[in-house]
Structure formats: structure tokens, C-alpha cells
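What follows is a short report on a single structure.
What follows is calculated from the coordinates using simple rules that are stated; it is not laboratory data. Note that the coordinates shown come from a computational prediction; the quantities given were computed from them, not determined experimentally. Methodologically, a virtual Cβ is constructed for each residue, glycine included, from the backbone with ideal geometry; neighbour enumeration extends over all protein chains shown.
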Amino acid sequence: MSLQDLYQEIILDHGKSPRNFGELDPYTHEAEGFNPLCGDQVRLMVRIADGKIEDLKFSGHGCAISTASASMMTQLLKGKSVEDALKLVDKFRKAMTEDGDHGDMGELGCLSGVREFPNRVKCATLAWHALKSAVTTGGKVTTE
Ligand code: FES
């Protein structure tokens, strides 16, 4: 199996069986991400206590890439401080848009192929925009 096949399989797995998908109750922060190119949207609900993300979930509808990215993101950010989460959002956004070595991205590395396709970058970063909005200003954000 090539690395590309493995990446494809990870994306499909998360896309079909997203982790942390559903409604979070209770939550303290929320935001919606909207991709006007396709009409897909994701809602992020986060429970923060003492500056730490206790739990987070997402709902909505999107393509396999946006769903897989949201699923991986929720797994990674659970238990992290808000500060560390925001750093990771920034690192991920750079890894998806800028060439060069971005260090070990773990499972997220399987999304790096989208860099060549600006429209797919919007899919991969949709939930991340929403997460950033949820823990900072709140409200609706778009990928434009
Ligand atoms: Fe809509 Fe990917 S095609 S988010």
C-alpha cells in the first residue's frame, strides 16, 4: 500500500465514521463555519473550563475532506488548552497553504495533498475556522 493509499484510507474512514460528531450538551462556546463555494457548513460546540477544552463536537454536513478534517481536529484538541489549540489551528492553516516543512503533523499529514487545490484547502480548513471563531469571537465564519 502506498502512502497515498494510506492517506486516502484515513480520510475515508474519518469521513464515513466521524469522531465526536453530534450535539454537545452542555457547551460554553460555539460557532458555525460556512463554505459558500458548495454550501457546506459545520457547527462547532466546545466546552471550556479553566482555559482548557474539556470536550468538543461538531455537526453539519460537508464533503469527506471537511468531515475528516473536523473529525481529526476534535480528537486532537480535546484536553488541550485554548492557547495550544489556537497555535495548532495556525500551524494547520499554514501546513495547508504554505510549502515547506511543517514538522510532524501526525494523522493530519494525510490532508497535506490538498495544498495543490485551493478549493479543497477550504474544505480542509472549514472546521478549523469555526473552532477559532468559537473560542475567540464566536459567530459565523466563512472560508472566503
Ligand atoms: Fe463543501 Fe468540501 S465540498 S466543504
inquiry  = In Å and on Cα atoms, what radius of gyration and Dmax does segment 62-144 show?
reply    = 12.0, 33
ask   = In percent, how large is the relative contact order of the chain, given Cα pairs closer than 8 Å and 6 or more residues apart?
value = 32
ask   = Where the Cα atoms of segment 43-109 are projected onto their three principal axes, how long is each span, largest first, in whole Å?
value = 35, 28, 16
task = For segment 1-61, just the Cα set please: Rg and Dmax, both in angstrom.
result = 14.7, 44
query = Label point 7 Å out from Ala49 along Cα-to-Cβ: which residues of segment 63-105 have amide N under 14 Å?
reply = 79-80
Aspartates and glutamates with Cα under 19 Å of Lys122, excluding same-chain neighbours fewer than 8 positions away = Glu32, Asp40, Asp90, Glu98, Asp99, Glu107, Glu144
task = Out of all DSSP beta bridges with both ends in the chain, state the antiparallel percent to the nearest 5.
result = 75
Kirkwood-based shape ratio for the chain, expressed as Rg/Rh from alpha carbons = 0.94
task = Give me the distance in nm between label points sitting 7 Å out from Cα along the Cα-to-Cβ direction at Asn119 and Asp25, one decimal.
result = 3.8
key: Mean separation of Cα contacts under 8 Å (6+ apart) over length of segment 82-144, as relative contact order %   = 29
Set Lys16/Lys57; Lys91/Lys132; Lys57/Lys94; Lys94/Lys140 screened for pairs whose C-alpha atoms are more than 19 Å apart = Lys57/Lys94; Lys94/Lys140
